[in-house]
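Student: A single structure is presented below for examination.
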Amino acid sequence: AGSAMAAVQDVEIDPEGTFKYILVRLQRPGGGEQRDIVRGTKAAEFHNHIFEKVNPEMEKLGYECKCLGGGKIEHNSKDKKIRVFGLSTGYGKADHSVTVEILKKKYTDYEVTWSDDKK
């Protein structure tokens, strides 16, 4: 069971640009292990489009998903900077400080920051 969760990427975001993101909590039914993952893409017009894609994928692996909130990510791969900001109208604001810690695990050589700015 642990390996399936390990196989799930902590972060899947577009390599460049500004786009919506959500913070999702994965949990084994009945409690047990849980972890938070970050998903974001320009392809999503609304935050729930991201969740609607992630949820079935994770259910196949045997996880329950809960969206903890959303916001926006500005990913500048040239300057190695990621900025997390904004909120989701539908899901509310994710805890951006949690998102930043997850992003730092993948983008170790980046400057990753967050703010409550809307833009």
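The values are calculated or read from the model by the stated rules, or taken from the named source; none is laboratory data. Bear in mind that the values here come from a model prediction, so they are computed numbers and not experimental data. No Cβ is skipped: glycine too gets one built from the backbone with ideal geometry, and neighbour counts run over all protein chains shown. Accessible surface areas use protein heavy atoms only, side chains included; no ligands, DNA or RNA. Shrake-Rupley method; radii C 1.70, N 1.55, O 1.52, S 1.80 Å.
Student: Does segment 3-18 contain any residue that is part of a loop (DSSP other than H, G, I, E, B) and at positive phi?
Tutor: Within segment 3-18 (the criterion being part of a loop (DSSP other than H, G, I, E, B) and at positive phi), the answer is no, since none of the residues qualifies.
Student: Can you report the number of residues in segment 109-119 which are open to solvent by 60 Å² or more (accessible area, probe 1.4 Å) and either in contact with a Cys (Cβ under 8 Å, 6 or more places away or on another chain) or under 13 Å from VAL38 (Cβ atoms) (or both)?
Tutor: Of the residues in segment 109-119, 1 are open to solvent by 60 Å² or more (accessible area, probe 1.4 Å) and either in contact with a Cys (Cβ under 8 Å, 6 or more places away or on another chain) or under 13 Å from VAL38 (Cβ atoms) (or both).
Results for (1) charged (D, E, K, R); (2) more than 12 Å from the chain's Cα centre (by Cα), shown as yes or no for each residue.
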| site | (1), (2) |
| --- | --- |
| PRO15 | no, yes |
| VAL38 | no, no |
| LYS42 | yes, yes |
| LYS53 | yes, yes |
| LYS105 | yes, yes |
| ASP109 | yes, yes |
| LYS119 | yes, yes |
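Student: Can you pull out every residue in segment 19-41 that is exposed (fewer than 14 other Cβ atoms within 10 Å of the Cβ) and either at pLDDT 95 or above or in a loop (DSSP other than H, G, I, E, B) (or both)?
Tutor: Correct list: PRO29, GLY30.
Student: If you take the residues of segment 44-58 that are part of a helix (DSSP H, G or I) and open to solvent by 20 Å² or more (accessible area, probe 1.4 Å), which of them is modelled with the lowest pLDDT?
Tutor: Checking each candidate, the answer is GLU57.
Student: Considering only segment 11-26, state which residues are touching a Cys at 6+ places or on another chain (Cβ under 8 Å) and of a type outside the set (Val, Ile, Thr).
Tutor: LEU23, ARG25, LEU26
Student: Looking at TYR63, is it surrounded by 14 or more Cβ atoms within 10 Å (Cβ to Cβ) and modelled with pLDDT under 95?
Tutor: yes
Student: Let me ask something additional. From the residues in segment 73-108 that are within 20 Å of PRO15 (Cα to Cα) and in contact with a Lys or Arg (Cβ under 6 Å, 6 or more places away or on another chain), which one is surrounded by the most Cβ atoms within 10 Å (Cβ to Cβ)?
Tutor: GLY86
Student: Take the residues in segment 86-119 that are at pLDDT 95 or above and among the acidic types (Asp, Glu); name whichever of them is nearest to GLY69 (Cα to Cα).
Tutor: Out of the qualifying residues, it is ASP95.
Student: Can I ask one more? Would you please list the contacts, defined by Cβ atoms under 6 Å and residues six or more apart or on different chains, that run from a residue in segment 48-62 that is more than 15 Å from GLU12 (Cβ to Cβ) to a residue that is surrounded by 12 or more Cβ atoms within 10 Å (Cβ to Cβ) and hydroxyl-bearing (Ser, Thr, Tyr)?
Tutor: Cβ pairs passing all conditions: none.
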